[in-house]
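Encoded as structure tokens, the structure appears first; notes follow it.
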Amino acid sequence: MSLTCFSRSQLYRWEKNRQLDRKERVRKLLPEKTLENAASVVATFPHFGGRKGQAYMLYHELGYVGMSHYDRIKKNVRRLLIQELSQRAITPGREFYEHVRPSKPGEIWGEDFTDVTVLCRTFKVALVLDVYDEHYLGSAVSARATAALVEQPIKQALAKTGGRGPEKFLLSDNGSQYISAAHGRLLTSAEIVQRRIPACVPQYNGCTEGGMRDFKSVFYNVWECRVREGADEEKNLLTRVEAAVQETVTLMNEAIPRPSLGGVTPADVHNGRQEAKRDEIREYREAESKRDVPPWNRSYWEVLKSGLKAEQMSNTELLTKLDFFCQRPLRRIAQRNKECVG
């Protein structure tokens, strides 16, 4: 419609009556000097739209240009600017970053920290994991994200490996904690090579980012269960969060299998018992598929309710479980934990 030579009202009338009873609309030719002035205005103030550009030209007596025509001139000026830019070849080249994938445990580590919000307070959780099997090697909790916080998981990981760092490198982002001099001294003393991902491109550290999301999903369920059971009620909030983080790390390493690892846990892969565990799982699956199913004594919904045990959940635990059936569950949980308690 914008490219036709007919008016909009005439097009609607033609569509209704299928008749053209009006002459074609002739575009007015713009004076050469006015067009030049319009291009100059666009070059001087490229943020002007059609309305403001037209007003500027009329105010300074540079000629009259319609608003839509001014916008069209602005698009053509953009094309000329791009042509000039390409001719000068001043656009910086794209940085090259090579993805290096580990072939066995212990080759590449990843470090990062995330936020967890409980009882109207937000804590920083720093983690270090093995990129190959997503095995968590260290964790630490603090009220603020500092260089001292991100050092603790590294020291825990070194203690588990007998003082040996990753064979290749440690992958981290460009946070101020990871580029600090104190963190650099720690890695140098442990002979760990640090490799930082490009700025604002978290997908280059996708294993760690995904591990953080899985960690938080398990953590909030563990936290609500511990609150319902009254675990560590007499201790301060930071100690309670640390205990929940440790339990979450244990579950992630030893109890929750990864489909990407063939249905075994990261601890199985890290300790070299994955093949024996896979054979055990395969035998159990075959035995279950061949087992005879006895007749039910309860209805379908009674069985589901018995397994769910929703009546035993607290109010916050019930809301937390339900959030995982909605979009962006972690954001919903954190927002609710900031606003209210109980």
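A few notes on this one:
- Count - residues of region 63-77 that are in a helix (DSSP H, G or I) and either hydrophobic (A, V, I, L, M, F, W, C) or in contact with a Pro (Cβ under 8 Å, 6 or more places away or on another chain) (or both): 4
- Residue ID - farthest from Lys33 (Cα to Cα), chosen from residues in region 46-60 that are part of a helix (DSSP H, G or I) and either touching a residue at least 60 places away in the same chain (Cβ under 8 Å) or of a type in the set (A, V, I, L, M, F, W, C) (or both): Ala55
- Tyr220 being crowded, with 19+ Cβ neighbours inside 10 Å, assigned to a loop (DSSP other than H, G, I, E, B) and touching a helix residue (DSSP H, G or I) at 6+ places or on another chain (Cβ under 8 Å): no
- Breaking point among (1) assigned by TED's automatic domain parsing to the domain that holds Gly49; (2) surrounded by fewer than 16 Cβ atoms within 10 Å (Cβ to Cβ); (3) of a type outside the set (Val, Ile, Thr), for Lys74: (2)
- Filtering region 229-280 to residues that are over 30 Å from the mean Cα position of the chain (by Cα), under 17 Å from Phe123 (Cβ atoms) and assigned to a helix (DSSP H, G or I) leaves nothing.
- Flag if Val303 is within 19 Å of Pro105 (Cα to Cα) and among the hydrophobic types (A, V, I, L, M, F, W, C): no
- Region 292-331: number of residues that are hydrophobic (A, V, I, L, M, F, W, C), outside any helix (DSSP H, G or I) and farther than 17 Å from Asp214 by Cα: 3
- Considering only residues in region 149-174 that are buried (at least 20 other Cβ atoms within 10 Å of the Cβ) and over 18 Å from Gln246 (Cα atoms), the one that is nearest to the chain's Cα centre (by Cα) turns out to be Asp173.
- Taking the numbered list (1) farther than 30 Å from Leu119 by Cα; (2) modelled with pLDDT of 90 or more; (3) among the charged types (D, E, K, R) in turn, Lys290 passes all entries but (2).
- If you filter region 229-243 down to residues that are hydrophobic (A, V, I, L, M, F, W, C) and touching a residue at least 40 places away in the same chain (Cβ under 8 Å), you find that the one that is nearest to Arg285 (Cα to Cα) is Val241.
The values are calculated or read from the model by the stated rules, or taken from the named source; none is laboratory data. These numbers were taken from a predicted model, which means no experiment stands behind them. Backbone-built Cβ (ideal geometry, glycine too); neighbour counts: all protein chains shown.
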